[in-house]
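Colleague: Following this message is one structure expressed as structure tokens.
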Amino acid sequence: MPLQNSSPMISLTNVDKEILEILRGGRATQSYIVDETGRSRQYVHSRLGILTAAGYLENIHRKTALYELVGDPLADEENGG
């Protein structure tokens with residue numbers, strides 16, 4: 001059976017888009033993202049997990065919860081796709 005795109009399509013929330021915009025500027029910790037978005041740590045943690053599972057982010061240092069953008073769904077939106 002051929003493999004389809006391994007990244008599941010998710011419906012991006014406004015907070016997801018804020019997180020992606022922050023990470024477009026470079027790597028960021030969960031704490032930094034919490035501070036920048038003004039959302040609760042639990043909510044940001046949940047959204048980071050969803051975005052990571054979708055293949056958009058990678059947690060490159062678990063101890064500090066440092067994240068990096070590895071797939072940019074916002075670029076697809078900007079390009080009309």
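Colleague: Remind me, relative contact order of the chain in percent, using alpha carbon pairs under 8 angstrom and six or more residues apart?
Modeller: Reported relative contact order: 31 percent.
Colleague: What list of ³J(HN,Hα) couplings, whole Hz, do you get for the stretch 56-72 from phi and the Karplus terms 6.51, -1.76, 1.60, once you set θ to phi - 60° and write x for glycine and proline?
Modeller: Once θ is set to phi - 60°, the couplings for the stretch 56-72 become 8, 10, 9, 7, 8, 8, 4, 4, 9, 6, 8, 10, 9, 6, 10, x, 10 Hz.
Colleague: Still on this structure, please answer the following. For helix 14-24, report the angle its Cα long axis makes with the longest principal axis of the Cα atoms of the chain; keep it between 0 and 90° and round to the nearest 10°.
Modeller: On a 0 to 90 degree scale, this one is about 90.
Colleague: Just to confirm a number: summing +1 for Lys and Arg and -1 for Asp and Glu over residues other than His61 whose beta-carbon lies under 11 angstrom from that of His61, what do you get?
Modeller: Taking every other residue near His61 into account, the sum is +1.
Colleague: Same structure, new question: Suppose only helical runs count, i.e. DSSP H with n ≥ 4. What mean residue ellipticity at 222 nm does that imply for the chain under -39500 (n - 2.57) per run, divided by all residues and rounded to the nearest 500 deg cm²/dmol?
Modeller: Helix-only estimate at 222 nm: -13500 deg cm²/dmol.
Colleague: So which chymotrypsin sites (Phe, Trp or Tyr not before Pro) in the stretch 33-81 are both in a DSSP loop and have at most 11 other Cβ atoms within 10 Å of their Cβ?
Modeller: Qualifying residues, ordered by number: none.
Colleague: May I pose another question? Springs between alpha-carbon pairs under 10 angstrom, Gaussian network model over the chain: which of Ser31, Ser40, Ser11 fluctuates most?
Modeller: Ser11
Throughout, read-outs are computed from the coordinates displayed, never taken from laboratory work. These figures come from a predicted structure and were not determined experimentally. FYI the Cβ positions are ideal-geometry reconstructions off the backbone, even for glycines, and counts take in every protein chain you see.
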